[in-house]
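Below: one structure, written as C-alpha cells.
What follows draws every value from the coordinates through simple rules; no lab data is involved. Everything quoted here is computed from the prediction, not taken from an experiment. As a convention, Cβ positions derive from the backbone with ideal geometry for all residues, glycine included, and neighbour counts pool all protein chains shown.
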Ligand SMILES: *Cc1c(COP(=O)(O)O)cnc(C)c1O
C-alpha cells in the first residue's frame with residue numbers, strides 16, 4: 001500500500017523537484033495534460049516580453065539582424081537537438097507539425113521514385129493520415145497509402161514500399177514503439193523511415209542518431225511547453241541534407257533570399273526547409289520554455305516519468321479494482337509518459353475530474369488520458385489525483401447531466 005507520506009518522501013529525494021518552480025501552475029490544481037498543452041514557464045513569459053518590448057518595440061526592423069531573428073529557426077533547432085539525440089545542424093524549428101510532415105513526405109516520395117506504396121498506422125493521429133494521403137495524391141505518380149495494423153508491418157514491407165510513417169508514442173494508448181528495431185526493418189526493405197515525435201519529445205529518451213532515423217518531426221506545444229500552436233521541429237539526418245527537396249519552397253529557404261532571384265536555389269543545410277518568415281514571438285515562447293532543459297537530463301526525466309506512471313497505475317488498481325482497463329503497456333520499454341484508462345463513461349469522468357481540479361483529457365471513444373510531465377508533476381500529485389478519481393467514481397458524480405455536454409475540444 002502506497003501512503004501519501006511515501007510520496008512526499010520521494011519528492012524530497014527527487015533531484016529535479018526544484019524545476020517545478022520554473023512553471024506557472026494554478027494552486028490547488030493537478031495538471032496531467034502537459035501531453036496536450038504544456039504550461040507556461042517564467043522564462044517563456046520573460047522572453048516573449050523582451051521580444052515585444054525591446055526587440056520589436058525599440059529595435060523594429062533592425063532586429064531581424066541585430067536580435068538574430070532570422071537565425072532563430074536553426075538556433076532553436078540546435079538547442080533542441082540534444083533532446084532527440086540529433087547532431088547540431090540537423091534540427092529546424094518553424095511551421096507546425098502537420099506542415100513539417102507534408103514537407104518530409106513530399107521530399108521522401110521523390111527519393112524513392114521507383115516505389116509506389118506508403119505504409120502508416122491505422123491508429124495514427126488523423127492529421128498524419130490526412131496529410132500522407134494528400135501528399136501521396138500529389139506525388140506525380142500513382143501511389144497507394146496503406147493504413148495498416150502496425151503489428152503487420154513486417155508482412156507489409158516489400159520492395160514496393162517507398163516510405164513508412166509512424167508515430168513513436170501512440171496518442172491514445174501511450175504505447176511506445178521500438179524505434180531502433182522498426183527503423184532497421186524498414187531500411188532492410190530499402191524504404192525510408194519517418195517518425196512522428198509529437199508524444200515523445202521531452203517525454204522519453206530519443207536517440208535518432210543511434211537508431212539511424214532518416215526523418216522525424218514533433219510538436220513544440222506538448223511536453224516542450226512552447227505554448228498553444230507553438231512552432232514544431234523537424235529532423236533531417238545529415239546524409240539527406242542537400243538530397244531531400246523541400247516541396248514547399250519559399251524565399252527564406254533560398255540560398256540568397258535578399259537577391260530576389262526568380263530561380264529557386266535551396267540554402268545549405270536545414271535552412272532549405274524554411275518556407276516563410278519566422279514567427280518570432282512564438283519562437284521566443286518556445287525558446288524560453290527550452291531553458292528548463294538546461295537543468296535536467298532526459299535520463300532523469302525518463303526515470304521519474306516511469307516512477308510516476310508506475311505509481312499511478314498501481315494506485316488506480318489498488319484503490320479501484322476492476323473499474324478501469326489500463327490500456328497503457330506495463331513494460332517500461334513500451335510506455336511513453338502518459339497513462340490511458342478505458343471506461344465507457346470516460347467523457348463524464350474527465351469533466352468531473354476537471355471540476356475537482358485534476359486536469360486530464362478524453363479521447364474518443366472511451367479513453368481517459370493522463371499525462372505525467374516530470375518537470376512539474378510531483379509524486380504527491382499522483383497520490384492526490386488518484387484520491388480525487390476515487391471520489392468521482394464512488395460518488396458517481398460523473399453521471400451528472402452537466403458533465404455530458406461535449407465541448408469542441410475534449
Ligand atoms: C498533436 C499531434 C499533431 C498536431 O499537429 P499540429 O499540426 O501541430 O496541430 C499531429 N500528430 C500527432 C501524432 C499529434 O499527437
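Observations on the structure shown:
- Largest GNM mean-square fluctuation across 243, 326, 358, computed for the chain with C-alpha springs under 10 Å, falls on 243.
- Look at the Cα gyration tensor of the chain: its axes a ≥ b ≥ c give a/c of at least 1.5 with a/b at or below b/c, and that counts as oblate.
- Alpha-carbon centroids, region 292-326 and region 48-106: separation in whole Å: 32 Å
- Computed from Cα atoms, the angle from the helix 72-84 axis to the main principal axis of the chain rounds to 50 degrees.
- Extension gain (nm, one decimal) between residue 62 and residue 110, 0.36 nm per residue minus Cα-Cα: 13.4 nm
- Extension reserve of the residue 255-residue 387 stretch, reckoned as 0.36 nm per residue once the Cα distance is removed: 41.7 nm
- Based on Cα contacts under 8 Å between residues 6+ apart, region 46-294 shows a relative contact order of 24 percent.
- Among 80, 101, 315, residue whose mean-square fluctuation peaks in a GNM of the chain (springs only between Cα atoms under 10 Å): 315
- In plain terms, the chain from residue 2 to residue 178 could stretch by 60.2 nm, reckoned as 0.36 nm per residue minus the Cα-Cα distance.
- Length-normalised contact order of region 125-192 in % [C-alpha pairs under 8 Å, at least 6 apart]: 30 percent
- Under a Gaussian network description of the chain, with springs only between Cα atoms under 10 Å, the residue in 57, 272, 217 that fluctuates furthest is 57.
- Take the Cα of residue 45, step 7 Å toward its Cβ, do the same at residue 154, and the gap between the two points is 5.2 nm.
- Global geometry of region 349-403, whether rounded, prolate or oblate, following the gyration tensor of its Cα atoms and the 1.5 cut on a/c: oblate
- Distance distribution P(r), region 286-330, all Cα-Cα pairs, bin width 5 angstrom from 0: 5, 17, 19, 17, 12, 11, 11, 7, 2 percent.
- More than 13 angstrom apart: percent of Cα pairs within region 129-178: 65 percent
- Computed on the Cα atoms alone, the convex hull of region 28-104 gives a volume of 143 cubic angstrom per residue.
- Gyration tensor (alpha-carbon) shape descriptor, region 15-149, a/c threshold 1.5: oblate
- Using alpha carbons only: equivalent-ellipsoid semi-axes of region 186-278, gyration tensor based, whole Å: 26, 20, 9
- Spacing of the two label points (7 Å from each Cα toward its C-beta) at residue 355 and residue 130, in nm: 3.2 nm
- Cβ crowding within 10 Å, taken as a proxy for footprinting-reagent exposure, orders 403, 100 from fewest neighbours to most as 403, 100.
- A helix-only calculation puts the chain at -10000 deg cm²/dmol for mean residue ellipticity at 222 nm, using -39500 (n - 2.57) for each DSSP H run of at least four residues, averaged over all residues.
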